[in-house]
Amino acid sequence: MTARRLSAAALAAAAIVGAVALPASAADHARPDRPRVEISAVQYDSPGRDDRSRRSLNKEWVELTNTTRRTVNLEGWTLQDEDGHTYTFDHYRLEGRATVRVHTGEGRDSDSDLYMDRRNYVWDNHSDTATLRNDHGRFIDDASWGGHRHHHGSDRHH
């Protein structure tokens, strides 16, 4: 009887030690944080008159925020609207906890502002979706506005 109790106690102790040790060993092999970039804001209807001036075009923008502490290389990533207008990031690294604003019009790129160098508006005032994809074409994030998802070509306010 004593041998059985001793054996059962030993098995129970081993099970408890195994259960306690497992999380510690799993923590040693945890996956590192994956880069996380998100669309944090969109100004799809530039304030004032839509006169296609450089100033008006640059008041239409999409903001991306890196929510991690690590720098993310956006080389080859794309930002696209529902009509297929695409901006491809070229030699740009978004610092940790930083935000970049991607303007529709022309300008000089900096750490906090990038420019699509377009002469026409991209984002539909009524309904559109901004989609961010990485350099492998994988979906990262999107932002949508408006009630319906179809376009009528000439109904675009831009």
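Applying the criterion of being in contact with an Asp or Glu (Cβ under 6 Å, 6 or more places away or on another chain) and part of a loop (DSSP other than H, G, I, E, B) to the residues of segment 124-157, the residue that is modelled with the highest pLDDT is Asn125. Can you say whether Asn120 is modelled with pLDDT of 95 or more and touching an Asp or Glu at 6+ places or on another chain (Cβ under 8 Å), as far as the supplied structure shows? It is false that Asn120 is modelled with pLDDT of 95 or more and touching an Asp or Glu at 6+ places or on another chain (Cβ under 8 Å).
Identify the residue in segment 69-85 that is among the acidic types (Asp, Glu) and within 14 Å of Tyr121 (Cβ to Cβ) and, among all such residues, is surrounded by the fewest Cβ atoms within 10 Å (Cβ to Cβ).
For segment 69-85, the residue satisfying everything is Asp83.
Quick check: is even one residue across segment 55-65 in contact with a strand residue (DSSP E or B) (Cβ under 9 Å, 6 or more places away or on another chain), part of a loop (DSSP other than H, G, I, E, B) and crowded, with 16+ Cβ neighbours inside 10 Å? There is at least one residue in segment 55-65 that is in contact with a strand residue (DSSP E or B) (Cβ under 9 Å, 6 or more places away or on another chain), part of a loop (DSSP other than H, G, I, E, B) and crowded, with 16+ Cβ neighbours inside 10 Å.
The values are calculated or read from the model by the stated rules, or taken from the named source; none is laboratory data. Predicted model, so just to flag it, every value in this text is computed and none were measured. In this analysis, Cβ positions are derived from the backbone assuming ideal geometry, glycine residues included, and neighbour counts consider all displayed protein chains.
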